[in-house]
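Take a look at this one; I'll ask things after.
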Amino acid sequence: MAYVSGLSFGIISGVFSVINILADSIGPGIVGIHGDSPYYFITSAFLTMAVVFLHTFWGVIFFDACERRRYWSLALVVASHLVTSGLTFLNPWYQASLIPIYIITISMGVWAFFTAGGSLHNVLACLSCKQEEDNRVMVYSALQVPVED
């Protein structure tokens with residue numbers, strides 16, 4: 001539930017962000033001509049991607065914090081949301097907001113990974129591409145022993 005709601009909030013946020021950027025691109029003047037940043041569109045694309053990921057991570061952490069009554073986690077999610085939103089006001093230096101927002105995204109992603117039950121052992125096992133040998137043997141048969149009278 002947390003993944004789905006976080007991802008859906010992220011997708012909705014990304015769609016609205018992209019629509020606003022596309023509306024700017026077809027207007028009577030194009031951003032970047034009269035002293036504006038020429039990196040406006042690429043920066044907006046990277047920012048939209050980070051916000052979609054952030055909403056997913058925030059959803060996982062927020063749901064877990066509500067279930068376990070960890071109010072400090074709730075406060076950190078809300079604070080990081082406000083900081084991320086505030087960093088987008090760094091106009092006309094759009095690129096300057098990307099570095100701190102991606103630092104927040106990576107840290108929230110790691111936090112959400114461990115909150116969802118991930119571990120460093122799982123990551124190392126995945127990266128090693130080795131299958132663990134299971135020494136257990138499971139015997140299953142559809143045949144049943146006849147009931148004795």
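Every number in this text was worked out from the coordinates using simple rules, so none of it is lab data. These figures come from a predicted structure and were not determined experimentally. Counting neighbours? That spans all protein chains shown, and the Cβs are built from the backbone with ideal geometry, glycine included.
First measure r as the distance between the Cβ atoms of L22 and I103, then evaluate 1/(1 + (r/R0)^6) with R0 = 22 Å and state the FRET efficiency to the nearest 0.05. Walk me through the numbers on the way to the answer.
Working: r = 28 Å, r/R0 = 1.26.
The formula returns an efficiency of 0.20 here.
Next up: Under a crude label model (7 Å from the Cα following the beta-carbon direction), how far is S8 from R69 in nanometres?
Taking the simple label geometry, S8 and R69 are separated by 2.8 nm.
Here's another thing I want to ask about it. Taking segment 38-118 on its own, what percent of its Cα-Cα pair distances exceed 17 Å?
45 percent
Next question. List the residues whose amide H sits under 5 Å from the amide H of R70, counting only those 5 or more places along or on another chain, with H placed 1.01 Å from N in the peptide plane.
Long-range HN contacts for R70: none found.
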